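The structure under discussion appears below in the form of structure tokens.
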Amino acid sequence: MKNSFHFGKALFTALAAWLGSTMGLLLPTLILLFILMVTEYISGMLVARKETSEHPNSSQTQKTHQKNISSIYKKAGYVLTIAAALSMDFLTQKYAAQLGLQLDNARLFSLLAAIWFILNELLSILRNANHLGAALPKFLVRSIKEIKNDINQ
């Protein structure tokens, strides 16, 4: 049992090292996205719990619960989209090499998709914090929305 644990740990370390060397900036971005996805989900659950305690028989409470469940599906969609973007990056790099163009570990599509999803998660976390009673600085919300709009264009 102990040997299989060490084998799994070694395999995970090797995989992480390979990903880190091939993905460069993308790996820390994906780690940040994962942390924000977990944070957004937890903050959404806190909002649902707060609404349930404040309005136990409200239909809004059920809608919030449904929103939390759909949040899991949305996050699965994020993962699938980034996988597709990674495939696009791979194809772009391989076909560029066939055409004689050199792209050094270009991860443009996947990095842009990850940053887009990070901004979505940040906005959602801020909305949840607002629902929980936190006073949000307007410049922060405005800045994130502007960055998101810039990337969208």
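Before moving on, here are some points about what is shown:
- Qualifying positions in segment 98-134 - more than 22 Å from residue 38 (Cα to Cα) and open to solvent by 100 Å² or more (accessible area, probe 1.4 Å): 98, 99, 101, 102, 104, 108
- For residue 144, the conditions (1) closer than 16 Å to residue 42 by Cβ; (2) open to solvent by less than 50 Å² (accessible area, probe 1.4 Å); (3) modelled with pLDDT under 85 are fulfilled apart from (1).
- Residue under evaluation residue 114, criteria (1) modelled with pLDDT of 85 or more; (2) over 26 Å from residue 28 (Cα atoms); (3) of a type in the set (A, V, I, L, M), criterion not met: (2)
- Checking each residue in segment 64-82 for being surrounded by 12 or more Cβ atoms within 10 Å (Cβ to Cβ) and more than 15 Å from the chain's Cα centre (by Cα) picks out 64, 65, 67, 68.
- Pairs linking a residue in segment 56-82 that is under 16 Å from residue 124 (Cβ atoms) and of a type in the set (Lys, Arg) to a residue that is at pLDDT 75 or above and surrounded by 16 or more Cβ atoms within 10 Å (Cβ to Cβ), with Cβ atoms under 6 Å and 6 or more positions apart or on different chains, are 75/37.
- Options 121, 146; residue that is in a helix (DSSP H, G or I), in contact (Cβ under 8 Å) with a residue 24 or more places away in the chain and of a type in the set (Asp, Glu): 121
- Taken together, 46, 33 contain a single residue that is under 18 Å from residue 125 (Cβ atoms), in contact with a Phe, Trp or Tyr (Cβ under 6 Å, 6 or more places away or on another chain) and among the aliphatic types (A, V, I, L, M), which is 33.
- Looking at 60, 93, 102, just one residue is of a type outside the set (Asp, Glu), modelled with pLDDT of 70 or more and in a helix (DSSP H, G or I), and that residue is 93.
The values are calculated or read from the model by the stated rules, or taken from the named source; none is laboratory data. Just so it is clear, the model here is predicted, and its values are computed rather than measured. Positions of Cβ are generated from backbone atoms using ideal geometry, with glycine treated the same way; all protein chains shown enter the neighbour counts. For the accessible areas, the whole protein counts, side chains as well, though only heavy atoms, and no ligand, DNA or RNA atoms are used. Shrake-Rupley method; radii C 1.70, N 1.55, O 1.52, S 1.80 Å.
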